[in-house]
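As structure tokens, the structure follows; a few thoughts come after it.
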């Protein structure tokens, strides 16, 4: 066997990549005259040591789980869906319409309705690029990224001209009615004696994201459709020969992907802002790509990678609050992690593989 | 209070600025960023002026994401920062929710009205200032065509545009005003390259004065106008110095004064709505050495006369946001 053991592939490679990224980040922080150890402590302290910090970390993670799964599902069919941003935006529109125009008696029903709305709108936004790819061969990367811009322009039009309350300055919808507000972690876990997750935006959607991980795992590895998607991804001629309809499979994979991306908006729109704002997605669609890459397109990997990025976001916010590290450098640190764990994966993997092989040869 | 103590202890252990005072004020910049040479930078200038004069320090944060709005407000309030000043209407909703939780902390929000007993809402009559620079632009224009380049297409920027067009038409009813918005996403606040392209496009349509109300994007507008030899009008901060002799004037929105006043008042900050307009010096146009040669006596007289009329209430500039419509195009 000329491969390294699975545990090394799944654990050691990302870990070493992370350490490399952390080392370079430390150099960057030293270069601007701050102390990297203090900075790291502050990040850990703010993101993981307090319950409200966790509340933010998990809130960001929820977004990244959905967009990461979206990219992962499409990638199993070798579709590179980089339109998660636009699909989530339009998904948000679905959430807003459902919450604003249907009088829900209880949040649980509203959640069901808004999930449907988000998934349908998100999937619909993925349908056109999917159709163009499957039928016309227009490259999905190009079409999905262009649809991000169309989504932004469309949402802006809808918010500014149609949904904005008269006289309001913010291009946003009115506040959703009380009955649609989702319970936050604060509502769920706080007692009068010990307030937990105070003011943090994490909400019940996080459990929905965990459920989505499980369902995606079932879909990809335990259903016929998942098998078809993977088969198509590995080899289209072989899949065709086996009687799999590539047009249908590509479109269905992209619909699921778009639906998952759309679901992210339930978290930001119904869970956090409780109204639809213009930039509620803020790049989570793109972070999803890094999350899926780092998580090897496996739901468990996506979950862990999403938690890591949630930590980076919340830790970054703490750095911005209490140090003089400018926000541009915080983005640099986040980017280094993406670069090492996503793009430069092979830089760590190939030497590591050699070491393992040499070690094995030495043993035998 | 254990949470608070824990936090304070950890902050004290990790903070890189020694000796954080308890009643330190805090300033939160909106997503556009601190150094946009415009709106946020004006706020920073006000805070810095206060810090230089008093020798005190203040906390600040540049936001990176929407969820951080509430986070920053709560963390600063819990840290004992007072007052907490924030720039931008986008804080409105969040502040409305957070302010009641911290009744002992004073908040000041710029560009938005939040109705809470511990909030000071500072709003500006930008349409009045835009009207004044519109008049000056029309008088400076030789081609009879002037341009407007907005940032993100939102009601606030249409308010600028509407006031500007009214000013232009007041001087020259036959003038053409070319209007462009840079974009539909928040990135439009910080896209100088696109600002530059729009300026070139407007020049090719005959514009010889352009007014940029576009945050950081305006830097590109002013640069291109200067390169192509036409005049430009800056916004929010005094931007005349950026291209001496090429920037006709700047529409001043004294955000710096609003921040300075709030920090000077400290914990005694007077709450309620504070409208800053031409009448109380919150809005105006910039005159300095850099543009002295560009502004004729006649222009200055006309603008000052209009300003006096606006102050006395004799002249009302239509506010786009009162009915989401503009009477002139």
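Out of all the residues in region B:6-40, which are surrounded by fewer than 13 Cβ atoms within 10 Å (Cβ to Cβ) and either part of a strand (DSSP E or B) or modelled with pLDDT of 50 or more (or both)? Selection gives B:23 alone.
Every condition in (1) assigned to a helix (DSSP H, G or I); (2) under 23 Å from residue B:183 (Cβ atoms) holds for residue A:168 except the one numbered (1).
Using the structure shown, decide if residue A:55 is within 21 Å of the chain's Cα centre (by Cα), crowded, with 17+ Cβ neighbours inside 10 Å and at pLDDT 95 or above.
Details: within 21 Å of the chain's Cα centre (by Cα): yes; crowded, with 17+ Cβ neighbours inside 10 Å: yes; at pLDDT 95 or above: no.
No; evaluated as a whole, the condition is false for this residue.
Residues in region B:152-187 that are part of a loop (DSSP other than H, G, I, E, B) and away from chain A (no Cβ under 14 Å) were compared, and the one that is surrounded by the most Cβ atoms within 10 Å (Cβ to Cβ) is B:175. Quick one: is residue A:120 more than 14 Å from every other protein chain (Cβ to nearest Cβ), without any contact (Cβ under 8 Å) to a residue 40 or more places away in the chain, within 23 Å of the chain's Cα centre (by Cα) and assigned to a helix (DSSP H, G or I)? Answer is no for this residue. Residues that are in contact (Cβ under 8 Å) with a residue 60 or more places away in the chain and within 14 Å of chain A (Cβ to nearest Cβ) within region B:91-124 comprise B:91, B:110, B:113, B:121, B:122, B:123, B:124, listed in sequence order. Within region B:41-60, being more than 24 Å from residue B:239 (Cα to Cα) and either part of a helix (DSSP H, G or I) or touching a strand residue (DSSP E or B) at 6+ places or on another chain (Cβ under 7 Å) (or both) holds for B:54, B:58, B:59. Just one of (1) touching a residue at least 24 places away in the same chain (Cβ under 8 Å); (2) more than 26 Å from residue A:182 (Cβ to Cβ) fails for residue A:159. It is (2).
Count of region A:147-169 residues, restricted to those that are within 11 Å of another protein chain (Cβ to nearest Cβ), on the phi < 0 side of the Ramachandran plot and more than 26 Å from the chain's Cα centre (by Cα), is 7.
Results for (1) over 21 Å from residue B:187 (Cα atoms); (2) part of a helix (DSSP H, G or I); (3) under 11 Å from the mean Cα position of the chain (by Cα), shown as yes or no for each residue.
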residue	(1), (2), (3)
A:262	yes, yes, yes
A:266	yes, yes, no
A:270	yes, yes, no
A:279	no, no, no
A:286	no, yes, yes
A:290	yes, yes, yes
A:297	yes, no, no
A:306	yes, yes, yes
A:312	yes, yes, no
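When residues in region A:315-326 are screened for being farther than 17 Å from residue A:60 by Cα and either surrounded by fewer than 19 Cβ atoms within 10 Å (Cβ to Cβ) or more than 7 Å from every other protein chain (Cβ to nearest Cβ) (or both), 3 of them pass.
Taking the options B:193, B:219, B:235, name whichever one is under 24 Å from the mean Cα position of the chain (by Cα) and buried (at least 24 other Cβ atoms within 10 Å of the Cβ).
Of the residues listed, the single one that is under 24 Å from the mean Cα position of the chain (by Cα) and buried (at least 24 other Cβ atoms within 10 Å of the Cβ) is B:235.
When region A:183-221 is filtered for residues that are within 14 Å of chain B (Cβ to nearest Cβ), touching a residue at least 12 places away in the same chain (Cβ under 8 Å) and not in a helix (DSSP H, G or I), the ones remaining, listed by number, are A:184, A:196, A:197, A:198, A:199, A:200, A:201, A:202, A:203. Looking at residue A:94, is it crowded, with 23+ Cβ neighbours inside 10 Å, away from chain B (no Cβ under 14 Å) and part of a helix (DSSP H, G or I)? Yes; evaluated as a whole, the condition is true for this residue.
Out of everything in region A:170-182 that is away from chain B (no Cβ under 12 Å) and under 25 Å from the mean Cα position of the chain (by Cα), what residue ends up being farthest from residue A:96 (Cα to Cα)? Can you show your working first?
Here is the first cut: in region A:170-182, the residues away from chain B (no Cβ under 12 Å) are A:177-180, A:182.
If we keep only those that are under 25 Å from the mean Cα position of the chain (by Cα) as well, we get A:180, A:182.
Details: A:180: 10, A:182: 14 Å.
If we take residues in region A:170-182 being away from chain B (no Cβ under 12 Å) and under 25 Å from the mean Cα position of the chain (by Cα), then A:182 is farthest from residue A:96 (Cα to Cα).
Only one of the numbered conditions (1) away from chain B (no Cβ under 14 Å); (2) surrounded by 15 or more Cβ atoms within 10 Å (Cβ to Cβ) is not met by residue A:224, and that is (2). Among the residues making up region B:310-329, a single one is over 19 Å from residue B:160 (Cα atoms) and either modelled with pLDDT of 95 or more or part of a helix (DSSP H, G or I) (or both): B:312. Put simply, of A:67, A:57 the only residue that is in a helix (DSSP H, G or I), away from chain B (no Cβ under 14 Å) and touching a residue at least 12 places away in the same chain (Cβ under 8 Å) is A:67.
Take residue B:99 and tell me if it is touching a strand residue (DSSP E or B) at 6+ places or on another chain (Cβ under 7 Å) and not assigned by TED's automatic domain parsing to the domain that holds residue B:27.
Working: touching a strand residue (DSSP E or B) at 6+ places or on another chain (Cβ under 7 Å): yes; not assigned by TED's automatic domain parsing to the domain that holds residue B:27: no.
No, not satisfied.
Of these, B:69, B:75, B:59, which one is within 12 Å of chain A (Cβ to nearest Cβ) and over 23 Å from residue B:36 (Cα atoms)? Full working, then the answer.
Values: B:69 fails: over 23 Å from residue B:36 (Cα atoms); B:59 fails: over 23 Å from residue B:36 (Cα atoms).
Answer to the check: B:75.
Kindly establish whether residue A:333 is within 15 Å of the chain's Cα centre (by Cα) and either modelled with pLDDT under 85 or under 20 Å from residue A:83 (Cα atoms) (or both). No: the conditions fail for residue A:333.
Out of A:308, A:304, I need the residue that is more than 14 Å from chain B (Cβ to nearest Cβ), over 28 Å from residue A:228 (Cα atoms) and out of contact with any helix residue (DSSP H, G or I) (no Cβ under 7 Å at 6 or more places or on another chain). Which one? Lay out the reasoning, then the answer.
On the way: A:304 fails: over 28 Å from residue A:228 (Cα atoms).
Unique residue meeting the criteria: A:308.
The set of residues in region B:215-262 being within 20 Å of residue B:152 (Cα to Cα) and in a strand (DSSP E or B) consists of B:232, B:233, B:234, B:235, B:236, B:250, B:251, B:252, B:253.
Set side by side, the residues B:273, B:310 differ, and just one is over 26 Å from residue B:37 (Cα atoms) and touching a helix residue (DSSP H, G or I) at 6+ places or on another chain (Cβ under 6 Å), which is B:310.
The values are calculated or read from the model by the stated rules, or taken from the named source; none is laboratory data. Keep in mind that this is a model prediction, so the values were computed, not measured. Using ideal geometry, Cβ is built from the backbone for each residue, glycine included, and neighbour counts are taken over all protein chains shown.
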